[in-house]
Amino acid sequence: MAVYLLLGPVAGKETASWVCILAAAPVAVAGFFHYNGLTLEQFAWAFIKSELLCAGERRFVSENFYYTLFHRKGRDDFD
């Protein structure tokens with residue numbers, strides 16, 4: 001609405017209405033956006049969290065829960 005009110009007197013009503021349609025197009029397309037079941041807002045929040053807020057070094061450290069649970073160490077433990 002602000003686009004129409006600002007451009008109406010300057011560019012004319014027809015041109016201002018076409019600019020309004022172009023300005024509203026990204027918002028309309030956002031309603032159809034889905035990526036892996038996420039809406040645009042969920043995807044944007046997940047992207048911001050993973051790339052900006054929680055970004056850092058990620059290391060994988062494996063742990064053998066079987067040996068931890070039974071306190072076994074040695075090669076004779078396998079049948």
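The values are calculated or read from the model by the stated rules, or taken from the named source; none is laboratory data. Quick caveat: nothing in here was measured; it's all calculated off a predicted structure. Areas reflect the complete protein model, heavy atoms only, side chains present, ligands, DNA and RNA absent. Shrake-Rupley method; radii C 1.70, N 1.55, O 1.52, S 1.80 Å.
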task: Would you be so kind as to identify all helices of the chain, as entire DSSP H runs, whose Cα atoms reach 20 Å or more along the helix's own axis and whose mean Kyte-Doolittle hydropathy is at least -1.0?
output: 13-30
message: Quick check for you: with a 1.4 Å probe and neighbouring chains kept, what is the accessible area per residue of the chain, in Å²?
response: 95
- prompt: Which whole-number percent of Cα pairs in the chain have a distance greater than 16 Å?
  reply: 74
Carbon and sulfur %, accessible surface of the chain computed with the full protein complex present, 1.4 Å: 65
